[in-house]
């Protein structure tokens, strides 16, 4: 993102009506305010952003931090900062409880420093009962905004400074896409790029479509421009993000497919790796498989959520595929792209799940041989159809099934990991190893983690590494010099 000259904005004028000019106006207003506060305090103002949830939330937090940095805040280390922002997730009830716990702790800090501001945004804020709880139980929160209007952070902070009381602004419906706002990337060499927002699937256990709104795709030209600028600024790996990337392009005035977008992204000179997250099995086309097969840049990793191996349970989940269709899709992928790592999500203990249903899931896990799997115990979410279903599964039965599934997943993953032992692979070095001094950590194209001896100046580079030993779900290696 190129630097914008905020000093050119006339703050005596009315705010513009169009975006992104309107948000730039309020960022400029905050810059003026933070400058005066900095002079009064004799120190910089700090902000601290905490992210809950998925890669899309993490990428959203980079944008929120970018807005705050442009507004004159420096990044702080903890919740003693002048501005604390929580970017929330609401996929599981535990995520909600974690947020409430953090709010309870930060309230103590605010009592000692009444001038600090607390803002909270993200998916959790799109739920009406949450907003009511914030109003009643957490009146010290200064700004509340939703997932759909996160881009208005500067505007709402400015409103809070002007009015002096809690500001709550939640929008519903389809997300408005605002381009060309700042972002503060966590990594210089890799970045996420949102290609779409929202979800149309309405799986019976999932609250996400109710809080994110309907699917909205970004224009391909805007995605490509962002990718080119990232590469120009040193990014080597880009992850294309969406709740269901396989349905990208359907809402555009001139619809295109996700496979067509991938082919255009691949043409960007200097871009070395392309990832994407997440794929819904019902929309994964032969066209996409062919593009992945013939690509020299698309990483050999596909996340393909299963959720259940039982066709009966899949129908109740509203997943729009059955066991046989999923297995055929996995077979086709393995056949066309033998080195493709397949990972998945699986829910244990969905309402009404019998032992026979669970064994169907175990059968799929055994047949697909996943490289890894995220296994979850079913979490009841208020507002979803599944929350009202009878036959909720007893906790002891769920734990037994979960343990059996985890053991099988880990055994299969270890066998898959061993397939690359002794081979030479390219590794994108991501960070210094936090357990072994003098070592660094990186990832293969298939997303597997590799630890090997090396210095921190390797971070951000792609280097050849011999995989000496497979250790279940990661490798120890030696860089080839």
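The values are calculated or read from the model by the stated rules, or taken from the named source; none is laboratory data. It should be emphasised that the depicted structure is a prediction, and the values quoted were computed from it without experimental measurement. Backbone-built Cβ (ideal geometry, glycine too); neighbour counts: all protein chains shown.
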For this session: Return the residue satisfying two criteria in turn: it lies in segment 11-64 and is in contact with a strand residue (DSSP E or B) (Cβ under 6 Å, 6 or more places away or on another chain) and in a loop (DSSP other than H, G, I, E, B), and of such residues it is surrounded by the most Cβ atoms within 10 Å (Cβ to Cβ).
Result: 52
Seminar exercise, completed: Exactly one of 271, 302, 252, 262 is touching a strand residue (DSSP E or B) at 6+ places or on another chain (Cβ under 7 Å), surrounded by fewer than 19 Cβ atoms within 10 Å (Cβ to Cβ) and closer than 24 Å to residue 428 by Cα, and that one is 271
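Assess whether residue 333 counts as being assigned by the TED database to the domain that holds residue 389, over 30 Å from residue 381 (Cβ atoms) and at pLDDT 95 or above. Can you show your working first?
Values: assigned by the TED database to the domain that holds residue 389: yes; over 30 Å from residue 381 (Cβ atoms): yes; at pLDDT 95 or above: yes.
So residue 333 passes the test.
State all residues of segment 312-328 that are farther than 21 Å from residue 384 by Cβ, surrounded by fewer than 20 Cβ atoms within 10 Å (Cβ to Cβ) and either in contact with a strand residue (DSSP E or B) (Cβ under 6 Å, 6 or more places away or on another chain) or in contact (Cβ under 8 Å) with a residue 40 or more places away in the chain (or both); if no residue qualifies, say none.
Within segment 312-328, 325, 327 qualify.
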Problem set entry | Positions within segment 335-351 being touching a helix residue (DSSP H, G or I) at 6+ places or on another chain (Cβ under 7 Å) and within 20 Å of residue 389 (Cβ to Cβ), in sequence order | 346, 348, 349, 350, 351
Exercise. More than 28 Å from residue 203 (Cα to Cα) and without any contact (Cβ under 8 Å) to a residue 40 or more places away in the chain, is that true of residue 254?
Worked result: no
Problem set entry | Condition broken by residue 374, with the remaining ones in (1) within 24 Å of the chain's Cα centre (by Cα); (2) under 30 Å from residue 300 (Cβ atoms); (3) surrounded by 19 or more Cβ atoms within 10 Å (Cβ to Cβ); (4) outside the structural domain of residue 469 (by the TED database) satisfied | (3)
For this session: Would you check if there is a residue in segment 182-193 being closer than 17 Å to residue 271 by Cα and free of Cβ contacts under 8 Å to residues at least 12 places away in the same chain?
Result: no
Exercise. Pick from 278, 343: which is at pLDDT below 95 and in contact with a strand residue (DSSP E or B) (Cβ under 6 Å, 6 or more places away or on another chain)?
Worked result: 278
